[in-house]
Amino acid sequence: MDRIAVLTSGGDAPGMNACIRAVVRSALHNKMDIYGVERGYAGLIKGEIRRLESRSVSNMIHKGGTFLNTARCEEFKDIEVQRQAVEALNAYGIEGLVVIGGDGTLRGAKDLSDNFGVKVMGIPGTIDNDLAYTDYTVGFDTAVNTVLWAINNLRDTLHSHDRVGLLEVMGRNCGDIALYAGVAGGAEYVLVPEIPYDLDKIAASIKKSYLRGKTSNMIILAEGAGNREEIAEYVGKKSGITVKVNTFGYIQRGGSPNMADRVLAARFGYKAVELLKENKDSCAIGIRDNKVITVPFEEVKKAEKHFDNELYKIAHVLNQ
Ligand code: ADP
Ligand code: F6P
């Protein structure tokens, strides 16, 4: 294979730039031409494709976001729209594609491969860590650390003012960001979509803790686990103690990737190019037990995410 392209799609994630860089530098090392597609599948169907050089990715390794930009592109689910993408790739003589994104992006990759025989390697890049076939996705570790920074700040002010605070974090339908940040940040209550919770019990426990002299408490709410305002109001009413709502949205999705995400990005990007060079079948790349693995796209869809119940239990034992 002599000519390949790379794109980022779906929500951006810290480490996407480091991953593009890894793909570009590995491709050039293997004497392949490398092209960048702007704005994910949305740019691909419009032929927004440009040649990348080694210098195109200079000074990129530490930057958050994605310099190729990203987009959501609902119409890409339509096979006729996918055909336009294939025509664009053909127009540039591109024989293989690396896509970096989340669950939706990998579905798009599967379609391009199944419907048109395009060789596509999928790299998991999303802060959500919601892909079951891989232990980690690029961006998750950095996002959790950003949430941890927020938790630390919140803790200072909650403690000073004897308050109860609720912090909503991202993750779509996955509670991993909330869980890991909650454990690392010592939050008293962690609410995730995977585990049912009882607001009456939480309110009673907060009230009891006040009587014991513990006057600040923190609830971390995964966005997929309920409505932040409703939960705060309910717990506030039941406990008789006001719950302050905090949410910091996109701030947790941006920022410089940390070591874990840069190294993961490097390993995934390098592997994707190796697979294309060897003309291997399309697949998704992931990491399990610190080993880079590949799985057919079919398995990405089937694999069900197993929530870490043990870690959830630890959070509730240690943080009360
Ligand atoms: P993420 O990749 O972060 O999960 P999305 O779910 O928004 O983000 O998916 C990114 C893009 O992938 C979508 O905007 C769309 O272009 C494409 N995509 C998502 N689902 C499918 C699907 N079932 N078939 C084809 N393409 C899809
Ligand atoms: O998938 C990443 C993510 O940030 C999710 O955590 C969140 O639910 C979603 O994207 C937000 O999407 P948008 O970019 O459309 O606001």
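The values are calculated or read from the model by the stated rules, or taken from the named source; none is laboratory data. Everything quoted here is computed from the prediction, not taken from an experiment. Backbone-built Cβ (ideal geometry, glycine too); neighbour counts: all protein chains shown. Ligands, DNA and RNA are excluded from the accessible area calculation, which covers all protein heavy atoms including side chains. Shrake-Rupley method; radii C 1.70, N 1.55, O 1.52, S 1.80 Å.
Taking the Cα centre of the chain as reference, the dipole from Cβ charges on Lys and Arg (+1) and Asp and Glu (-1) amounts to some 780 debye. Put S58, S256 in order of accessible area, highest first, and with a 1.4 Å probe you get S256, S58. Taking packing as the residue-averaged number of other Cβ atoms within 10 angstrom, the listed peptides 259-272, 156-169, 76-89 run from highest to lowest as 259-272, 156-169, 76-89.
Please report Rg over Rh for region 180-235, where both radii come from the alpha carbon positions and Rh follows the Kirkwood definition. Walk me through the numbers on the way to the answer.
Numbers: Rg = 11.4 Å, Rh = 11.9 Å.
Rounded to two decimals, Rg/Rh equals 0.96.
The share of Cα pairs per 10 Å bin across region 1-136, counted from zero up to the longest distance, runs 13, 48, 34, 5 percent. Sequence-distant contacts, meaning Cα pairs under 8 Å at least 6 residues apart, place the relative contact order of region 41-185 at 17 percent.
For the chain, the longest principal axis of the Cα atoms and the long axis of helix 199-211 meet at an angle of about 50 degrees.
At 1.4 Å probe size, with every protein chain present, just tell me what the per residue accessible area of the chain comes to in Å².
Working: 14330 Å² over 320 residues.
Value returned for the chain: 45 Å² of accessible area per residue.
Once the Cα atoms are used to define both axes, helix 140-161 deviates from the longest principal axis of the chain by about 20 degrees. Compared with the dominant principal axis of the Cα atoms in the chain, helix 103-116 is inclined by about 20°.
Remind me, relative contact order of region 152-299 in percent, using alpha carbon pairs under 8 angstrom and six or more residues apart?
Numbers: 201 pairs, mean separation 37.6, N = 148.
Rounded, it is 25 percent for region 152-299.
What is the Rg over Rh value, at two decimals, for the chain, using alpha-carbon atoms and the Kirkwood definition of Rh? Expressed as Rg/Rh, it is 1.05. Connecting C-alpha atoms closer than 10 Å in a GNM of the chain, tell me which of V138, V99, V292 has the biggest fluctuation. Answer for the Gaussian network model of the chain: V292.
Full extension of the segment from L311 to A204, taken as 0.36 nm per residue of separation minus the current Cα-Cα distance, would add 36.2 nm. Close amide-amide hydrogen proximity is noted between A13 and G65, each under 5 Å apart and 5 or more residues distant or on a separate chain (H modeled in the peptide plane; Pro and chain starts excluded).
Taking the DSSP beta bridges with both ends in the chain, the antiparallel portion is around 20 percent.
Largest GNM mean-square fluctuation across A71, A225, A303, computed for the chain with C-alpha springs under 10 Å, falls on A303. For region 36-51, 3J(HN,Hα) computed residue by residue from phi via the Karplus equation (6.51, -1.76, 1.60; θ = phi - 60°) reads x, 9, 7, 6, x, 5, 4, x, 4, 5, 9, x, 7, 10, 9, 5 Hz, glycine and proline entered as x.
Spatial offset of region 245-320 relative to region 144-210 amounts to 23 Å, using the alpha carbon center of each.
How charged is the neighbourhood of S58? Take every other residue with its Cβ under 14 Å from the Cβ of S58, and add Lys/Arg as +1 and Asp/Glu as -1. It would help to have the intermediate numbers written out before the result.
Working: positive: R21, R25, R55, K63; negative: E53.
Around S58, the charge tally is +3.
Which pairs break 30 Å Cα to Cα here: K63/K244; K201/K305; K63/K277; K280/K301; K31/K302? Please report the intermediate quantities before stating the final value.
Values: K63/K244 33 Å; K201/K305 27 Å; K63/K277 28 Å; K280/K301 20 Å; K31/K302 36 Å.
From K63/K244; K201/K305; K63/K277; K280/K301; K31/K302, over 30 Å: K63/K244; K31/K302.
Take every Cα pair under 8 Å whose residues are at least 6 apart in sequence, average their separation, divide by the length of the chain, and the relative contact order is 23 percent.
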